[in-house]
Structure formats: structure tokens, C-alpha cells
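Data first, discussion second: the structure below is written as C-alpha cells.
The values are calculated or read from the model by the stated rules, or taken from the named source; none is laboratory data. Here the structure is a predicted model, which means the values were calculated and not measured. Cβ: placed from backbone, ideal geometry, glycine included. Neighbour counts: every protein chain shown. Quick note on the areas: whole protein, heavy atoms, side chains included, nothing else; ligands and nucleic acids left out. Shrake-Rupley method; radii C 1.70, N 1.55, O 1.52, S 1.80 Å.
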Amino acid sequence: MLKLTLFVSCLLPFCAVAEQHNQYSSNQVAPPTQTVPLLPDLSKYKQAFFDEKLSRWSHQADISLQRLPEQGLLRRFQLITDMALQAKAQGAIPQVLIIEDGLATLDDISTKFPQALVKDKNKPNTYLARYPIVVRGNAAILINVGEELRLSEERRTFLVGGGEFYILGATVSSWRESTNSPSYWTGEKSDYRAFYSVWNGSETYFYNSTFESLGYFRTKAYGISLASQKLSEQELNKMPWIENTRSTGVLMNNKFIDIYYGFYCYKAEDVVILGNEYIDNIVYGIDPHDYSERLIIAKNVTHGTLQKHGIIVSREVNNSFIFDNISFNNKRSGIMLDRSSINNVVANNRAFDNGGDGITLQESNNNFIVNNLVYNNKEHGINLRNSQNIAVLDNTLLANGGAGLYGHTNDLSEHTHRDLTLDPFTAKVSFTTSGGSIVANKSAAINATNFEYATIGEIALGENGSSYNVNFLGELKPFFEAYSETTAESTALQIQRAKD
């Protein structure tokens, strides 16, 4: 695991206040120093990793068709909100395929229930699911190399459960029978598309596969969703196949295309999202959410997201690593940390040609932004809002439409759509930045307003602003001369708000 500690020395013993401007004073300090981030070791994640996980299953599952209204967990996890629509789609009391007590393949399911999982006579290894599929916590499903699972849109199918899911070298899509094609996005967020959604105890293993046109605007039916809920003792006793652990998994070397949310999780842990490509997804490419922990998001490419961000973690997604990713041509930010997400490391990423910022932090303290290449984004290179104790180290911020680095506060109390109990904020921003370069950004190199402190070490600056020499803006502006002196003396400048 990564250990990165930022040390800012005490004030040098003979440094007096060098500059005073309104509420701020500046002092020379020793340059910031830090250990090199020790990023997670990814070497074990190879095909053999997935083969070893699958080898734990030695016997064939029981497969049955059961009445859908009797599957309480589907309502419990809000995956079925209108049973009448399910009945209409099937033309009778709706049923669901249940897999339990063992491993099932697509051929196993189709052999037993050929009307429920229809094998294509003209296309080998292709199956159309005309009933939803549920994998219980004591079971697993395997969709293997060269196979294709088409989940019927018209029949309102889905693939869900609390078991283990192995999709290895295969294809899974929501399928529009009326056009004999994937369920391409129509522009209407409430139009049903089949989805993958798993809950407590589930383990997701996707490798070298393709996922297309899944998900719509319905809780945890977003496309690819890993979620966990607090279960009562009564629920656990009634359904002994549920494991009361959080969802987890490894998603590696896959393609996710035209998914409502390319990835979503809720209260998941130790999920690895590695080496995937997220192409033209609708709302987000990668979106870990609420109270998820210890995630690895590495070596992914996210591009063409239609509505929002390439990669975002939001609402207390903590102690996680976002590194070696490429995020470009997304509607808003390339990478974002949001809503009290703390102790995360964003390192060695490339974020460019995005419609918002390259990297955005909102209301998220104690994070590290290290050695990223951020360029040609429409707004700022790195945008820090209401975020404290941020280390911005050794980044290259080039030719962004606003500032290279922008630190500011915002009063969110007027945001009527925001639950301030669930998502509190403190209108304070503070950061330490050093190393790297900030060049040719449209408004300034660094713009900071209403900050608590800004510690600025040596950074290569040049050709920022309309006159090519606007290096500091906002309340930093009067301190550029003092900063220039520190660079000549190999020190750093610390600018602090005066205490009341």
C-alpha cells in the first residue's frame, strides 16, 4: 500500500514576515519534501489470477425457474420497482432463473431451460436471455471465452445476485430484439435497458470482455453496479445463502461501451479496476460512490463520456489509488474527487481535452495530486474547491483554458439540491504545491482566493495569462515578488491567512 507523507518544515528561524497584504502574510520556509509514493503492486493481476479464483468451483449448480414476486432481495435492493411491467414483459406472472449451490455455464442453463436462455442457431456460443438471471450467494456463473450473453430489453431481463460472476473473454449486452442489435442509448434516461447489479457477498471477475449498452436511470440499475446494504438478522436468517460482506471484485482489460454508468459502486471495498477502456458511456465512465474503501483504479482509458466525468469518486470514497489512467474528451472533468473523499492518491495520470477541468477536487481533504500531465482542458488544470491540506506535487499543467492551479471556496448553502447533512462542507481551501511546471494556461499559473494557506515551492512557470506573465492571481497576486526571491534562495513561500 502507498505511504506518502508530506513534510513542511517549521518556519526558518530567521525569517520574519516578508509581506503583508490585507488578511495575509508570507514567510520563507524550507522546501516541501516527501517520500516517493509506493503505489499498489499490480503484478498478480494476470489471467492466472482469474483461473485460480474459478478453480474453487468443482460442482454443477442447481438451476430453476421461480416466480419473480417471491424474490424478496430484488425488491430489497430496489431492482424491481414495478412488478406489473415485469408481468407485461413476460405476458404472465413473471419468472426468473435462479442459480444456486454450484457453478453454472450458459450451456448448463440453456440445456435445462431452452425457452429461458435461447441458443442462437446461426451464431455459435450466442445466447439470448428471455428471463432475468439471479445468482445466489452460494453459486457462481461462468460466461466463457467466445461466448455472448444477450439480455433481452423487451423482456426486462438482468443479471444480478450475491454470488461469484466470471465473465472471461466474453461479451454481455442489453439486446433489443426488435432491431436485433444492442440497446443503443436513445437519449431517454428512463428507457429500460438490461443491467448487471450485484450485492452483499458478491465477487465480480471480468477479464478481457466487452460490455455494451447496459443500464438506465434506476437505483443500482445503472449498467455495471457493485453494491452493499446493511442486512438485518432476520434477513440473514431467512436467506442463509447471503454473505454479509461487502461487494468486491477485479475488472481487468475489458471494454465498456454505451453504458449508463460505465462502473458504479456503493459501499464496496478492495475493488480493482485495471486496464479497461470506457468508451462513449452516458453519465460517467468510472463512478465509485458512497462509503467505498481501498479501491485501485489504474491504467484505464476513459473517453467520450457524454454528460459528466471520465473518472469520479464521490461521497466518502477513501484510502484509494487513481493512477496511470488516461482520461480525455469527456463532457466535464477528466478526474474528480468529490464530497468528503479523503486520503486518496491521484498519480501519474494524463487528463486532456476535457470539457471541464483536468482534475477537480470538491469538498475533499487530505489528498495527494502527484506527477500528473494535465493539458488543453476547457477550464482549469487542477481545481481545488473547499478542500484542505491538498498536496499538489510535480505536476505538468499546460495550456488549460483557466488557471493551471485554481484554489477557491464556495458557499454551498444555497444549493437546494444538496443535502448538507449527508454532504457537509467547510468553505476553506489550503494546499502545498511544488515541482513540475505550469505553462501557457489562459488565465494564470496559480489563482487562489480566500485560502487558509498556500505553500509554494519551486515550479517552472512561463507564458501564463493573456500577457504571458500572469503567474499569480487572486489573493496570491501581491506575493509573486516574494515567491521569486524564494526560488532564487531554494526555499519556498508560505502565505497564510492572519488569525482572527
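A few notes on this one:
- The local environment of Ala399, defined by Cβ-Cβ distances under 13 Å, has a net charge of -1 under the rule Lys, Arg +1 and Asp, Glu -1.
- With a Förster radius of 41 Å applied to the beta-carbon distance between Asp411 and Phe49, the computed FRET efficiency rounds to 0.30.
- Against the criterion of solvent-accessible heavy-atom surface with a 1.4 angstrom probe, Trp57, Trp199 sort, most first, into Trp57, Trp199.
- For the chain, with +1 on Lys and Arg beta carbons and -1 on Asp and Glu, the positive-most of Gly334, Thr210, Val470 along the dipole: Thr210
- Comparing Ala139, Thr157, Gln90 along the charge dipole axis of the stretch 90-190, the residue lying farthest to the positive side is Gln90, per the Cβ-charge model.
- 3J(HN,Hα) along the stretch 237-251: 6, 6, 10, x, 6, 7, 9, 8, 10, 7, 4, 8, x, 10, 10 Hz, from the Karplus curve 6.51 cos²θ - 1.76 cosθ + 1.60 with θ = phi - 60°, whole Hz, x for Gly and Pro.
- Each Lys and Arg adds +1 at its Cβ and each Asp and Glu adds -1 at its Cβ; summed about the Cα centre, the stretch 26-135 shows a dipole of about 300 debye.
- Sequence ranges 312-323, 459-470, ranked by mean other-Cβ count within 10 angstrom, highest first: 312-323, 459-470
- Neighbourhood charge, 12 Å Cβ-Cβ cut-off, centred on Lys88 and excluding it, Lys, Arg +1 and Asp, Glu -1: 0
- Highest-first packing order for the peptide set 369-376, 261-268 is 261-268, 369-376, based on the mean count of other beta carbon atoms within 10 Å.
- Protection proxy ranking of 276-284, 174-182 - average other beta-carbon atoms within 10 Å, highest first: 276-284, 174-182
- Using the Cβ of Phe195 as centre and a radius below 9 Å, the other residues enclosed give a net charge of +3, where K and R count +1 and D and E count -1.
- Long-range amide H partners of Asp357 with built H, under 5 Å: Ser333, Gly334, Glu379, His380
- Over all distinct Cα-Cα pairs of the stretch 239-341, the Kirkwood formula returns a hydrodynamic radius of 13.4 Å.
- Solvent-accessible surface (1.4 Å probe) assigned to Arg294 amounts to roughly 90 Å².
- A 1.4 Å probe run over the protein chains yields, for the stretch 252-339, 26 Å² of accessible area per residue, whole-number rounding.
- Evaluating 6.51 cos²θ - 1.76 cosθ + 1.60 at θ = phi - 60° for every residue in the stretch 297-312, the Karplus couplings come out as 10, 9, 6, 8, 10, 10, 8, x, 4, 6, 10, 9, 9, x, 10, 9 Hz, glycine and proline recorded as x.
- With coordinates expressed along the principal axes, the C-alpha atoms belonging to the stretch 141-205 extend over 32, 28, 18 Å, beginning with the largest.
- Placing +1 on the Cβ of every Lys and Arg and -1 on the Cβ of every Asp and Glu, with nothing else charged, gives the chain a dipole about its Cα centre of roughly 1080 debye.
- Across the protein chains, with a 1.4 Å probe defining accessible surface, the residues Thr81, Thr157, Thr210 rank Thr81, Thr210, Thr157 from largest area downward.
- Label point of Gln66 set 7 angstrom out along Cα-Cβ; within the stretch 86-112, amide nitrogens under 11 Å from it belong to 96-101.
- Qualifying lysines (Cα of each under 29 Å from Cα of Lys121; at least 8 residues distant if same chain): Lys88, Lys112, Lys255
- Beta bridges per DSSP with both ends in the chain, % antiparallel, nearest 5: 15
- Flagged links, alpha-carbon separation over 28 Å, of Lys46/Lys230; Lys220/Lys428; Lys189/Lys267; Lys44/Lys331: Lys46/Lys230; Lys220/Lys428; Lys44/Lys331
- The stretch 100-176, Cα convex hull volume normalised per residue, Å³: 78
- When the Cα positions of Ala116, Ile369, Gln34 are compared along the charge dipole of the chain, Ala116 comes out farthest toward the positive end, with charges on each C-beta of Lys, Arg, Asp and Glu.
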